[in-house]
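Colleague: Right, I'll just put the structure down here and ask away after.
The values are calculated or read from the model by the stated rules, or taken from the named source; none is laboratory data. Values in this document were obtained by computation on a predicted structure and should not be read as measured data. All Cβ positions, even for glycine, are placed from backbone atoms using ideal geometry, and neighbour counts span all protein chains on display. With ligands, DNA and RNA removed, areas are computed over all heavy atoms of the protein, side chains included. Shrake-Rupley method; radii C 1.70, N 1.55, O 1.52, S 1.80 Å.
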Amino acid sequence: MLAADCAWAVLRAEHAHIRELLTLVENAVESGGWAFGGSQAQQLSALIERVQAFDQTTHRPKGVVLVQALRGRSVQADDLLIRLESARDHGDELLTEATNRLKAAASGVPIAASGVDALLKEHRLLVLAHLDEEDSLLCTHTAEHLTREDWAAVASSISVTMVPAKV
């Protein structure tokens, strides 16, 4: 189905972008300067906010109709959706905690940055596994359970989220 192929092409392109952003965060963490607060902590915090903004305002909205269409189609699909949502929520918590610690460190409390690297490593591994599950298991479940009409609605909703709203 063309609509399914188009929808997954957009979602996978965004997954690739998220992976690139995670690599930027990982590289910034490895530089180590952020641990002492100051501008490098602020820069790392800005990178984290960039990851969050892309995920929450660009990527997630595209999956809303897809998830709604898939929910209730099979026990396995529902279990996967619950697992993915739980992982997403945990990832959000990890980034919030890392950002809070970095802001405290940037404000002159360097000890606050303690553990940020572990939080961001856990987040990265969690998100990479999440994206892999979306690209494989979620894709399989949607192929098995969504109809042409479902895919038309999904593709339409994705196209709407790709066009900037006119104010």
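Colleague: Taking the residues in segment 3-37 that are free of Cβ contacts under 8 Å to residues at least 40 places away in the same chain and hydrophobic (A, V, I, L, M, F, W, C) as candidates, determine which candidate is farthest from Gly108 (Cα to Cα).
Modeller: If we take residues in segment 3-37 being free of Cβ contacts under 8 Å to residues at least 40 places away in the same chain and hydrophobic (A, V, I, L, M, F, W, C), then Ala9 is farthest from Gly108 (Cα to Cα).
Table: residues versus (1) under 15 Å from Glu133 (Cα atoms); (2) aliphatic (A, V, I, L, M).
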position: Ala9; (1), (2): no, yes
position: Ile18; (1), (2): yes, yes
position: Ala41; (1), (2): no, yes
position: Gly72; (1), (2): no, no
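Colleague: Next question. Looking only at segment 74-106, how many residues end up being farther than 21 Å from Val25 by Cβ and touching a Lys or Arg at 6+ places or on another chain (Cβ under 9 Å)?
Modeller: Selection size over segment 74-106: 3.
Colleague: Right, here's the next one. Among (1) more than 12 Å from the chain's Cα centre (by Cα); (2) in contact (Cβ under 8 Å) with a residue 12 or more places away in the chain; (3) farther than 30 Å from Glu149 by Cα, which single condition is Leu66 missing?
Modeller: (3)
Colleague: In segment 21-60, which residue that is closer than 26 Å to Asp89 by Cβ, open to solvent by 30 Å² or more (accessible area, probe 1.4 Å) and small (Gly, Ala, Ser) is farthest from the chain's Cα centre (by Cα)?
Modeller: Ala46
Colleague: Restricted to segment 1-20, and to residues that are among the charged types (D, E, K, R) and within 20 Å of Glu85 (Cα to Cα), which residue is most open to solvent (accessible area, probe 1.4 Å)? Walk me through how you get there before you give the answer.
Modeller: Here is the first cut: in segment 1-20, the residues among the charged types (D, E, K, R) are 5, 12, 14, 19-20.
Those left that are additionally within 20 Å of Glu85 (Cα to Cα): 12, 14, 19.
On the way: Arg12: 96, Glu14: 19, Arg19: 66 Å².
My answer is Arg12.
Colleague: Say we look at segment 45-58 and pick out the residues that are touching a Leu at 6+ places or on another chain (Cβ under 8 Å) and at pLDDT 95 or above; which of these is nearest to Arg19 (Cα to Cα)? Let's see the steps before the verdict.
Modeller: Keep residues of segment 45-58 that are touching a Leu at 6+ places or on another chain (Cβ under 8 Å), which gives 45, 47-48, 50-52, 54.
Right, trim to at pLDDT 95 or above and you get 47-48, 50-52, 54.
Numbers: Leu47: 13, Ile48: 13, Arg50: 12, Val51: 10, Gln52: 13, Phe54: 12 Å.
Within segment 45-58, the match that is nearest to Arg19 (Cα to Cα) is Val51.
Colleague: Where residues in segment 61-74 are surrounded by fewer than 18 Cβ atoms within 10 Å (Cβ to Cβ) and out of contact with any Ser or Thr (no Cβ under 6 Å at 6 or more places or on another chain), which of them is farthest from Ile158 (Cα to Cα)?
Modeller: Taking segment 61-74 as the starting set, the residues that turn out to be surrounded by fewer than 18 Cβ atoms within 10 Å (Cβ to Cβ) are 61, 64, 67-68, 71-74.
Then drop every residue that is not out of contact with any Ser or Thr (no Cβ under 6 Å at 6 or more places or on another chain), which leaves 64, 67-68, 71-74.
Working: Val64: 9, Val67: 12, Gln68: 13, Arg71: 18, Gly72: 21, Arg73: 21, Ser74: 23 Å.
That would be Ser74.
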